[in-house]
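Comments concern the structure below.
The values are calculated or read from the model by the stated rules, or taken from the named source; none is laboratory data. This structure is a prediction, so every number in the text was calculated from the model and none was measured. As a convention, Cβ positions derive from the backbone with ideal geometry for all residues, glycine included, and neighbour counts pool all protein chains shown.
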Amino acid sequence: MTGTHALLEVKNLHVTLTGDRRRRTVLHRVDLAIPAGAALGLVGESGSGKSLTARTVLGLLPQGARVEGEVRFDGRSLTAMAPAALRGIRSHEIAMVFQDPRAHINPVRTIGDFLTEGLVTTRGVRRAVAEARAAALLGEVGIADGARRLRQRPSELSGGLLQRVMIAAALLTEPRLLLADEPTTALDVTTQAEVMAIIDETRLQRGLAMLFITHDLALAAAVCDRIAVMYAGSVVEELPSGHLSDAEHPYTRALMASRPDLGGPGKKLTAIKGRPLSAFETGPGCAFAPRCPDARDTCTTQHPALLPAGSGQAACHFPHHPRAAAGAAERSTSDA
Amino acid sequence: MPEHTPGAILEATGLRKTFGDFTAVDDVSLTLTPGASLAVVGESGSGKTTTARMIAGLEQPTTGTILLAGRQPPGPRARTTERRRFAQHVQMVFQDPYTSLDRHQRIGDSITEVLALHTDLRGSARTARMTELLEQVGLNPQQAISRPRSLSGGQRQRAAIARALAVQPRLLVLDEAVAALDVSVQAQILTLLQDIRRQTQVAYLFITHDLGVVPHIADEIVVMRQGRVVDRGTTTEVLDRSQHPYTRALIDSVPRRGWKPRRRPATPT
């Protein structure tokens, strides 16, 4: 990552939350950079901190959260920004699509009210004009009878249709960055393919940058330029999507091996032993060490930093990929 | 009495279920032999869950017959002893173990409860069997005193599987049992289910919307759409050679290396 002029830059982000009177670390260290118009896939399992990273970008953390490090959008620091200015960013520049559309839409208002509210109240667009734009945008996301849908309520729409409405809502404000948090996890695979195609097409047409959060590496690779893998509150690897098959970090490789696919009945599924750790459970060493097949003594005592490895960066004392085991030996001697 | 094929553990013939004017399941027939595994694949609204619920005895078919080990399941007015005998043939595991396990009950107790109801095991023998079941699903016997809340999603699903296995059923109906789990945990549960099937000869009816997991769990596939079976065959036949456009569309929707999402061409519904 050059980091010279990324649209979104997250540097050294560390977040703690208070709960049950204890302060818990939820993000240890997150570094990300998304250039304008590019897409980054943030991949990890439940509790790895990927959604919290997106929420930190938007300043949507619960009360009592303490944020260290920096989030910069187009050169401006979001972490230091006054609430009113941050609201301006949220309504004009950065839009978010969530996993469960039904939790983020008012069930008693019409789709039309939901879509045009932002334009009418914060932009002063006339209602008729706003409705025409909303209907046109619904057409763009694959909803043919937009005018009729605007009069319907969320309960009358299927999950896949409603998620398309949410995407249209995110696009209406013409943002420069889209944060998509597991937008297709609750959908059937066929609907997922369609919704992802719509996100991908509209993003490319508009030159929109995207932070795409998912637990599915293959899905992220299909629509993103680069991938950042999170584990227990830290980014452990960052690399171009096309290089996933020669990932350096053992966790990334293990995730690839545990994903079921249609590679023929002979392909064996390799499960990772143990369970994913939460950020607050990690010790002094590498968070993945207890589950890592290649862990050595150093791994349990020293925290690995995110350093250049292969075609990206990896936070691992002994990065390697199966075809280049020689590289691992080199790195281990230089570390010792 | 419908005709019984010797050796079949499940024979469902001409299943049909209507809710008012709506036909959820239309003329579905399924057969399973002991130790076999059949995946029922379809999208929301395909009728796959209703089919599973009829086979597990949670729903009465409008027409059609179900034979489990040659016997018809007890109707809604059956005596308790008949229901219990039926429960020993078929058990069900649901998508979300947090809602299917009692949140106030320790998981060890939820298993011993089943053992008390269905087996002659008493006292230490019952506890020993409970421990054995926890170990079989990869849980630490010390976790017997845990309540569902303090377990992770994968551990809860393991507990739900242990509870279902407690009666040593001949057939396990798994309704989207791995859909809510993270990929690494999903792989663990799929591997566990394969091991259990090899060890116990239990048969699986595996309900899923994700064709990607099917090669790792089932020998045969039935594809359902709008209540009807539209395609069926062995896993290899269906995944490698099926010519059915709907099956092809399902296969093309599974993300993999080099995959690009595409809008589905408008197919008549």
Practice prompt. Name, by its number, the condition in (1) in contact with a helix residue (DSSP H, G or I) (Cβ under 9 Å, 6 or more places away or on another chain); (2) within 28 Å of B:Leu115 (Cα to Cα); (3) within 14 Å of chain A (Cβ to nearest Cβ) that does not hold for B:Thr49.
Written response: (1)
Worksheet item: Across the range B:46-77, what is the total count of residues that are farther than 16 Å from B:Val90 by Cα and crowded, with 16+ Cβ neighbours inside 10 Å?
Response: 5
Discussion item. Here is a check on your reading of the model: is A:Ala186 touching a residue at least 40 places away in the same chain (Cβ under 8 Å), surrounded by fewer than 22 Cβ atoms within 10 Å (Cβ to Cβ), within 14 Å of chain B (Cβ to nearest Cβ) and over 18 Å from A:Arg109 (Cβ atoms)?
Written reply: yes
Worksheet item: If we keep just the residues of the range B:149-207 that are among the acidic types (Asp, Glu) and farther than 20 Å from A:Leu255 by Cβ, which is surrounded by the fewest Cβ atoms within 10 Å (Cβ to Cβ)?
Response: B:Asp195
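One line per residue, one yes/no per condition, for (1) under 26 Å from A:Gln205 (Cα atoms); (2) under 13 Å from the mean Cα position of the chain (by Cα); (3) among the hydrophobic types (A, V, I, L, M, F, W, C):
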position: A:Ala36; (1), (2), (3): yes, no, yes
position: A:Leu52; (1), (2), (3): no, yes, yes
position: A:Gly64; (1), (2), (3): no, no, no
position: A:Glu70; (1), (2), (3): no, no, no
position: A:His92; (1), (2), (3): yes, no, no
Worksheet item: When B:His244 is evaluated against the numbered criteria (1) farther than 30 Å from B:Phe86 by Cα; (2) touching a strand residue (DSSP E or B) at 6+ places or on another chain (Cβ under 7 Å); (3) within 12 Å of chain A (Cβ to nearest Cβ), which criterion, by number, is the only one it fails?
Response: (3)
Worksheet item: Could you say whether any residue in the range B:169-179 is among the aliphatic types (A, V, I, L, M), at pLDDT 90 or above and part of a helix (DSSP H, G or I)?
Response: no
Response to the item:
When the range A:116-146 is checked residue by residue, the ones that are hydrophobic (A, V, I, L, M, F, W, C), in a helix (DSSP H, G or I) and over 17 Å from A:Thr202 (Cα atoms) are A:Leu119, A:Val120, A:Ala128, A:Val129, A:Ala130, A:Ala132
Response to the item:
the range A:193-273: strands (runs of 3 or more DSSP E) wholly inside it with 3 or more residues that are facing chain B (nearest Cβ under 9 Å) are none
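Here's the yes/no breakdown for (1) hydroxyl-bearing (Ser, Thr, Tyr); (2) touching a Cys at 6+ places or on another chain (Cβ under 8 Å); (3) crowded, with 18+ Cβ neighbours inside 10 Å; (4) outside any loop (DSSP other than H, G, I, E, B):
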{"position": "A:Lys11", "(1), (2), (3), (4)": "no, no, no, yes"}
{"position": "A:Ala33", "(1), (2), (3), (4)": "no, no, yes, yes"}
{"position": "A:Gly37", "(1), (2), (3), (4)": "no, no, no, no"}
{"position": "A:Ser51", "(1), (2), (3), (4)": "yes, no, yes, yes"}
{"position": "A:Gln63", "(1), (2), (3), (4)": "no, no, no, no"}
{"position": "A:Val67", "(1), (2), (3), (4)": "no, no, no, yes"}
{"position": "A:Ala80", "(1), (2), (3), (4)": "no, no, no, no"}
{"position": "A:Ala85", "(1), (2), (3), (4)": "no, no, no, yes"}
{"position": "A:Ile89", "(1), (2), (3), (4)": "no, no, yes, yes"}
Discussion item. Can you tell me how many residues within the range B:225-244 are free of Cβ contacts under 8 Å to residues at least 60 places away in the same chain and within 20 Å of B:Thr13 (Cβ to Cβ)?
Written reply: 4
Response to the item:
Within the range A:191-220, residues without any contact (Cβ under 8 Å) to a residue 24 or more places away in the chain, over 16 Å from A:Pro175 (Cβ atoms) and touching a Gly at 6+ places or on another chain (Cβ under 9 Å) come out as A:Ala197
Item to complete: For the range B:228-239, state whether one or more residues are within 30 Å of A:Ser46 (Cα to Cα) and more than 7 Å from chain A (Cβ to nearest Cβ).
Response: no
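A quick yes/no check of all residues on (1) farther than 27 Å from B:Thr208 by Cα; (2) more than 16 Å from the chain's Cα centre (by Cα); (3) without any contact (Cβ under 8 Å) to a residue 60 or more places away in the chain:
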{"position": "B:His104", "(1), (2), (3)": "yes, yes, yes"}
{"position": "B:Asp109", "(1), (2), (3)": "yes, yes, yes"}
{"position": "B:His118", "(1), (2), (3)": "yes, yes, yes"}
{"position": "B:Pro148", "(1), (2), (3)": "no, yes, yes"}
{"position": "B:Ala166", "(1), (2), (3)": "no, no, yes"}
Worksheet entry | Residues within the range A:69-78 that are assigned to a strand (DSSP E or B) and surrounded by fewer than 17 Cβ atoms within 10 Å (Cβ to Cβ), tallied | 4
